[in-house]
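Below is one structure, written out as structure tokens; comments come after it.
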Amino acid sequence: MKIITVNKKARFNYNITDTYEAGIVLVGSEVKSIRRGGISINESFIIIKDLEVFLKNAYIKPYEMAGNFQPDSRRTRKLLLRKEEIIRIKRKMDIQKLALVPLKVYFKKNHAKIEIGLGKGKKLYDKRETLKERTIKRNLEREEC
């Protein structure tokens, strides 16, 4: 498994309860661009529409060596999940008011995959608590060295 990019803000802004692995439908030179690290999922989000899952606002840098066909860099991309998983995710989102967030993009056996997390947004005081715990942990590691 080769990790391409990680959405660091996702775990800071959300309490992730479940994670799922999904395939990404890509066209043309997008795969080569992703292999070079030309993808950003920091501002992207995931929606479910008519039992289909879509990744919106993910940026894939246009591949320089591609010919005339250059897909839109911020187009909506379909994610591949099993129907049972989509129904389970949709049910959890409706009942518990959770959000779907992209966590990381990686290659697994030459297929581009995305890890998506199901989580609830953190409040401001939760974020402060996370920062405080991170600072304490960093200070303890410095003292041990």
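Side notes on the structure shown:
- Lys49 falls short on exactly one of the conditions (1) within 21 Å of Gly117 (Cβ to Cβ); (2) touching a Gly at 6+ places or on another chain (Cβ under 6 Å); (3) surrounded by fewer than 14 Cβ atoms within 10 Å (Cβ to Cβ); (4) not β-branched (Val, Ile, Thr), and that condition is (2).
- Screening Thr17 with (1) among the hydroxyl-bearing types (Ser, Thr, Tyr); (2) at pLDDT 90 or above; (3) surrounded by 14 or more Cβ atoms within 10 Å (Cβ to Cβ) gives one miss only, at (3).
- Contacts under 9 angstrom Cβ, first residue in segment 131-145 being within 16 Å of Phe12 (Cα to Cα), partner assigned to a helix (DSSP H, G or I) and of a type outside the set (D, E, K, R), 6 or more apart: Leu131/Phe12
- Residue ID - nearest to the chain's Cα centre (by Cα), chosen from residues in segment 1-19 that are under 20 Å from Lys127 (Cβ atoms) and among the β-branched types (Val, Ile, Thr): Val6
- Taken across segment 33-47, residues that are assigned to a strand (DSSP E or B), over 28 Å from Arg91 (Cβ atoms), in contact with a strand residue (DSSP E or B) (Cβ under 8 Å, 6 or more places away or on another chain) and in contact (Cβ under 8 Å) with a residue 60 or more places away in the chain do occur, with at least one present.
- In segment 10-23, the residues that are within 18 Å of His111 (Cα to Cα) form Cβ pairs under 8 Å with partners that are in a helix (DSSP H, G or I), at six or more places apart or across chains, as follows: Tyr20/Glu85; Tyr20/Ile89.
- Restricted to segment 66-128, the set of strands (runs of 3 or more DSSP E) holding at least 3 residues that are modelled with pLDDT of 90 or more and farther than 18 Å from Gly28 by Cα comprises 99-108, 111-121.
- Between Tyr63, Tyr125, Tyr59, the distinction of being over 15 Å from Thr5 (Cα atoms), in contact with an Asp or Glu (Cβ under 8 Å, 6 or more places away or on another chain) and without any contact (Cβ under 8 Å) to a residue 60 or more places away in the chain belongs to Tyr63 only.
The values are calculated or read from the model by the stated rules, or taken from the named source; none is laboratory data. Computed from a predicted structure; not experimentally measured. A quick note on method: Cβ atoms are made from the backbone with ideal geometry, for glycine too, and the neighbour counts reach across all protein chains shown.
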